[in-house]
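Worksheet: the structure to be examined is printed underneath.
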Amino acid sequence: MYAILPFAFILFLLLVIFLSRFFGKKISTKLSIRLMGVYGMILLLSPFLAAFATDTVDKDDGITETPDFYYQEILENYGNYSLENLQNEEYLKVIKETELRVSTESFSDDDPFVISTTGLNVDGWYDRDYGYTMIVERSDEVENIIITQFQQRGFIQGYEVTQGFEPWTWTLDHWGQGAGRLKATLNRSEISLFTLTPPPFAFQFDEGIASDRFGGSQVPSLNVGTINWILIPEDLPIRFQGSEPHRLIERDSGTE
Amino acid sequence: MNSIIHKDSQMSVAFEQFKDKLYHNSFAFFQLIALQALGYLFSFSSSMTGIGDQHFMLSIRHISPIPLFIMSVIWIVVQAFGFSGEKRREYYMVSNNFTAYFSDIAVLEIYAVIIGITMVFSGPMLQLLAGLSSGYPNLGTTYDSMTALHYLSLFITTTFYALLFGAGAYFLGILRSRYQSFLVIGSIAFILLLITWSLLGIRFIGPGFNIGTAGVKQFYVQETSIMLWLIKIIGSLGALYGLSWLAIKNLEVNR
Amino acid sequence: MIRCDELTKYFNGTRALDGCSFEISEPTLTGVIGVNGAGKTTLFKSIAGFLKPTKGEVYILDEQAFQNIIAAQNVMLTEDGMSFYPTASLHELIGSYSRFYPNFDQSLAIKLTEYFRLEEKKKYNELSKGMKSTFRLILALSARAPITLLDEPTTGMDPGVRKELFELILKDYIKVPRIILISSHYLGEMEELLDSILFIHEGKVLKHDDVEEFQTFLTGVQGAPKLIESLEDKLQIYDCKDFGAGIRRIIVESKDLESLSLKEDVMNSLTFKGVSPEDAFVYLTKRKGGGIDELYHS
């Protein structure tokens, strides 16, 4: 959608250049002065007009930026976390809930339901904490597979960009000899943040930010982490393909 | 009734000329609007930083009014060349070199102030334009960190920088008007002088000597003390104005 | 009000004015006459303060003219090379000039613009050559500057309009007497309105005198060839022509002729004719050593 703006500007500019070149001498003095007057009025009113025209992304006043490596802290303490705990966790946000129908009777210990993470091919960056956690919990309260994906809240310069993350796609397919498989596909997330940046001249005499004043912009670190909490029916036999879950909660015994 | 002899002061004539030039050069405002429109367009493509891999792409597009300032500087440079180039016209009304020079400088200063004002409002204008396009859903702004003093700094710095460019262009234009036949030789001599100066500077001062555009830019732009900066700017302007006056002082009006 | 003391001006080695001296202190309507390249425009620009004299000086109101704001306020120069703001209409230009020249009569300018059918909303560059000349003249006369310099004011105009404009100049001069210098090639048309003539030739003032003096400056003497030839050794000859039927005519200065004190019988055998200022101009600027005839017959 925003691609239209540059073309509109180019068209306008071509028009102005055309007018200026061929009709410049026909634009009277008074018209020029009036145009300048209109432009000046727009400039003076721009702060008020801008407030109505735009919805700049608000800084979330209630939350400070996610601490570095918060995601890792969750992993370290995960032993104490339940699904409800995570849902109440302020630094995590549910970005998708998926429910997939499964028939427990179709599977047996010899022919279990497969939970596959093959093909995800997620490697962490050296300087970033990107990774995922998969937790599988057996529950007698569900008849289908319910996957709740949590995303670690991300902030760039005080603006939350969590909603920009693409959730994984969990699907059911048949694999092997008719066996069922829960498969994850990682979708590429593209987050674009537009930020109005004042010119460095404004801060020329502000020694407090002298070092950053004229340097190139640096992308602040953004820690991303995903937790997929998979609720499965209590009696569903399963096996894992790819990586093992970080936690497997056997509900009936309360043990893992 | 004989024709009355008048002996008005030079300054009153200069002021009258200033008003006249401002009025008759109003087309310059139209050109400013056009060039600033181009500047706003480029501001939306200013710069981008980002990181990513096959899973994740984060891009931060900076909408910065620097291109707007550049286009405005181009505008004032063009106007300054225009004033210094077409010097015959005003002499057929009441003028001498001093009033012509003084009124030219006064008009250029008004133009520089206009640039400063447009720069102060550039943030809200960019926000307004972004909002009208509906294409910037994640629009953040770091203008919130700006206080009134920052806006004042923005106004003062952009005004003076624009004025500096205008004064430089005016000086070059006056040289061109005055010494047309020596233009080529003068340009070559100037380049040779710069090369000699840089060689001598490197020889005696060392590799750190830098008189390139980056060095000139640093001289002004990296100065954080407002008093020192004002001294540099006003000193530079004074030098340019003084040199322009010396060049125009005995300029003859002839086809 | 205007005083030139040995005014000399060189342009890149070419001499445009060479020791030009004259003085005008009273209101006058003076024709500045000279061939192309005589130095008329250079003289006007020097008076207007546009050019710096190479030697000598120009004084306007007892002040050196070059780049003098007092001179600029009280001198109005119009010439073919004058330029105006390209975006300004005639009406706006009249407004501008009225702000700079305190004596400017804006109502006169508007009336004249209407009279000569110039559209006020048009820009100067949109006018024809003749209309441009008319507009420049309107500005010059309306400005009522104490010193008004009109350099070839009737360029591109047809004879009818030229005559009207010369009448206009005269009427305005009578209404507001001031120093008006007009340079033109059409001396014959202007002669009637001029008070005096300033004759420039090869950068020098050849003669500066009242029109009546110019009208009697040269005399044509006609008679038998032998008689005429006897006078030629004693007089400076400006022109000499042989007509058929044994008649020869020479052009000489009247005062030189009077100084000869010719005898009555000689006087009676000669015919004397006055020479108009226009013809005098032709004779005074005539090339020496052969004319067009010789070019074709050589």
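The values are calculated or read from the model by the stated rules, or taken from the named source; none is laboratory data. In this text the structure is predicted, and so the values were computed from the model without any measurement. Cβ atoms come from the backbone with ideal geometry, glycine included; neighbour counts cover every protein chain shown. For the accessible areas, the whole protein counts, side chains as well, though only heavy atoms, and no ligand, DNA or RNA atoms are used. Shrake-Rupley method; radii C 1.70, N 1.55, O 1.52, S 1.80 Å.
Given +1 at the Cβ of Lys and Arg, -1 at the Cβ of Asp and Glu and no other charges, the dipole of the range B:34-169 around its Cα centre is 200 debye to the nearest 20.
Straight-distance candidates among the lysines for linking to C:Lys123, with alpha-carbon spacing under 16 Å and chain neighbours fewer than 8 residues away dropped: A:Lys25, A:Lys26, A:Lys30, C:Lys132.
Quick one: buried accessible area between B and C, total over both chains, 1.4 angstrom probe, nearest 100 Å²?
Working: alone 16670 and 15540 Å², together 28580 Å².
Chains B and C together bury approximately 3600 Å².
Report the Rg/Rh value for chain B, based on alpha-carbon coordinates and the Kirkwood definition of Rh. Mind showing how you got there, number by number?
Numbers: Rg = 22.4 Å, Rh = 21.3 Å.
For chain B, the value is 1.05.
Quick one: work out Rg over Rh on the C-alpha atoms of the range C:91-140, Rh as Kirkwood radius. Could the numbers behind the result be given before it?
On the way: Rg = 10.2 Å, Rh = 10.9 Å.
With Rg and the Kirkwood Rh in hand, the quotient comes to 0.93.
Given a 1.4 Å probe and the protein chains as shown, A:His174 ends up with an accessible area of around 150 Å². For chain B, complete DSSP H runs whose alpha carbons reach 18 Å or more along their own long axis and whose mean Kyte-Doolittle score is 0.0 or higher are B:27-43, B:66-85, B:97-120, B:148-178, B:183-204, B:226-248. The antiparallel fraction among DSSP beta bridges confined to chain C stands at about 65%.
Close amide-amide hydrogen proximity is noted between C:Leu77 and C:Leu149, each under 5 Å apart and 5 or more residues distant or on a separate chain (H modeled in the peptide plane; Pro and chain starts excluded).
Dipole size of chain B about its Cα centre, with +1 on Lys/Arg Cβ and -1 on Asp/Glu Cβ: approximately 600 debye, rounded to the nearest 20.
Per-residue accessible area (protein heavy atoms, 1.4 Å probe) orders A:Phe52, B:Phe27 as A:Phe52, B:Phe27, starting from the largest.
Restricting attention to chain B, lysine pairs at least eight places apart or on different chains and with alpha-carbon atoms under 30 angstrom apart total 14. Rolling a 1.4 Å probe over the protein heavy atoms leaves C:Cys240 with an accessible area of roughly 50 Å². Return the loop-located GluC sites (Glu not before Pro) in the range C:114-171 (DSSP other than H, G, I, E, B) with at most 16 other Cβ atoms within 10 Å of their own Cβ; answer none if there are none. Taking the range C:114-171 and a limit of 16 other Cβ atoms within 10 Å, the loop GluC sites (Glu not before Pro) found are C:Glu119, C:Glu120.
Note on C:Phe11 and C:Leu260: with the Förster distance fixed at 41 Å, the Cβ-Cβ geometry gives a FRET efficiency of about 0.45. Calculated from the alpha-carbon coordinates, chain C shows an Rg and a Dmax of 22.1, 72 Å respectively.
In terms of accessible area, using a 1.4 Å probe and ignoring ligands and nucleic acids, C:Arg3, A:Arg181 rank largest first as C:Arg3, A:Arg181. Under 5 Å from the amide H of C:His201 lie the amide H atoms of C:Leu206, each residue being 5 or more positions distant or on a separate chain, with H modelled from the backbone and absent for Pro and chain starts. Annotation for the range C:1-40 versus the range B:1-77: alpha-carbon center distance of 47 Å.
Tell me the per residue accessible area of chain B using a 1.4 Å probe; a whole number in Å² is fine.
45 Å²
Gain on full extension, evaluated as 0.36 nm per residue between C:Asp158 and C:Leu170 minus their Cα-Cα distance, stands at 2.5 nm.
For C:Asp105, what charge total do you get from the other residues with a beta carbon under 12 Å from its beta carbon, if Lys and Arg give +1 and Asp and Glu give -1? Intermediate results must be reported in sequence, preceding the final value.
Values: positive: C:Lys111, C:Arg144, C:Lys175; negative: C:Asp172.
Taking every other residue near C:Asp105 into account, the sum is +2.
How large is the accessible surface per residue of the range C:219-274, computed with a 1.4 Å probe and reported in Å² as a whole number?
Numbers: 3440 Å² over 56 residues.
Dividing the accessible area of the range C:219-274 by its residue count gives 61 Å².
This model, with +1 at the C-beta of Lys and Arg and -1 at the C-beta of Asp and Glu, gives the range C:153-298 a dipole about its Cα centre of some 200 debye. Sequence-ordered 3J(HN,Hα) estimates for the range C:198-215 from the Karplus curve with 6.51, -1.76 and 1.60 and θ = phi - 60° stand at 10, 9, 9, 8, 6, x, 10, 7, 7, 7, 9, 7, 5, 4, 4, 4, 5, 5 Hz, glycine and proline given as x.
Express the Stokes-Einstein translational diffusion coefficient of the range C:219-274 in µm² s⁻¹, to the nearest whole number, given a Kirkwood radius over alpha-carbon pairs, 4 °C and a viscosity of 1.567 mPa s. Can you show the working numbers first?
On the way: Rh = 11.1 Å.
My calculation gives 117 µm²/s for D.
Relative to the dominant Cα principal axis of chain C, helix C:90-100 is inclined by about 90°.
Per residue, the range C:2-214 exposes 37 Å² of accessible surface when a 1.4 Å probe is rolled over the protein heavy atoms with every protein chain present.
Counting only alpha carbon atoms, the long axis of helix C:129-143 and the longest principal axis of chain C meet at about 70°. Under a 5 Å amide H to amide H cut-off, with H placed in plane at 1.01 Å, what residues pair with A:Gly154 once short-range neighbours are removed? Result for A:Gly154 returns A:Val161, A:Thr162.
Relative contact order for the range C:2-214 using alpha-carbon pairs under 8 Å, separation at least 6, rounded to a whole percent? Value for the range C:2-214: 29 percent. For A:Lys183, the aspartates and glutamates whose Cα comes closer than 14 Å to its Cα, not counting residues fewer than 8 places off in the same chain, are A:Glu99, A:Asp173, A:Glu244. At 1.4 Å probe size, with the rest of the protein present, what percent of the exposed accessible area of the range C:158-225 is carbon and sulfur atoms? Using a 1.4 Å probe with all protein chains present, the range C:158-225 comes out at 52 percent carbon and sulfur. Here's the list of lysines a cross-link from C:Lys226 could span, going by alpha-carbon distance under 27 Å and ignoring same-chain residues fewer than 8 apart: C:Lys234, C:Lys241, C:Lys255, C:Lys263, C:Lys273, C:Lys286, C:Lys288.
Sequentially through the range C:46-57, phi angles give Karplus couplings (6.51, -1.76, 1.60; θ = phi - 60°) of 5, 5, 6, x, 7, 10, 8, x, 6, 9, x, 7 Hz, Gly and Pro residues having no value and appearing as x. When all protein chains stay in place and ligands, DNA and RNA are ignored, the 1.4 Å accessible-area order of B:Trp75, B:Trp245, largest first, is B:Trp245, B:Trp75. For helix C:106-115, report the angle its Cα long axis makes with the longest principal axis of the Cα atoms of chain C; keep it between 0 and 90° and round to the nearest 10°. Helix C:106-115 and the main axis of chain C meet at about 70 degrees. Only protein heavy atoms count here, probed at 1.4 Å, and on that basis chains B and A bury about 7000 Å² of accessible area in total.
C:Thr14 sits with roughly 90 Å² accessible to a 1.4 Å probe, with DNA, RNA and ligands left out of the calculation. The residues neighbouring B:Ser103, those whose beta-carbon lies less than 14 Å from its own, together hold a net charge of -1 under the Lys/Arg +1, Asp/Glu -1 convention.
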